[in-house]
Amino acid sequence: MEGYQMRSGSSFYSVCFNTLRLSSLFLSLDKKILQNMLLQFHRETWIKNSPAMDSSRTIDRFYVIISGRMKVFSLEKVSGWLGKLADKVKPKA
């Protein structure tokens, strides 16, 4: 799903700006820089429990979750092993 470009006058822009300026990742940024960054962002929404993205989309994008949660899994192409990305050890074959 392609997202919608952020518009500075929208209520969602304000929500995003206020959320990001309080996050530790963006806390040190100047207000104007964060405002300009947001204008480059695209809003995407996903239906609960549906696949949201794949590696072909995430390799060149940076996602910021404003609200909700996302479960991230890794699928090994050869074996088909599916596990949470946070898992460190693969099960023995």
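For a Förster distance of 30 Å, can you work out the FRET efficiency between the beta-carbons of K31 and K71, rounded to the nearest 0.05? It comes out at approximately 0.35. Taking the Cα centre of segment 4-68 as reference, the dipole from Cβ charges on Lys and Arg (+1) and Asp and Glu (-1) amounts to some 180 debye.
Taking amide H positions as modeled 1.01 Å from N, with prolines and chain starts lacking one, the residues under 5 Å from R43 and 5 or more places away or on another chain are Y4, Q5, M6.
A short reminder: the numbers here are calculations on the coordinates, not readings from a lab. Quick caveat, the model's predicted, so the values are computed rather than measured. We place every Cβ from the backbone using ideal geometry, glycine too, and count neighbours over all the protein chains shown.
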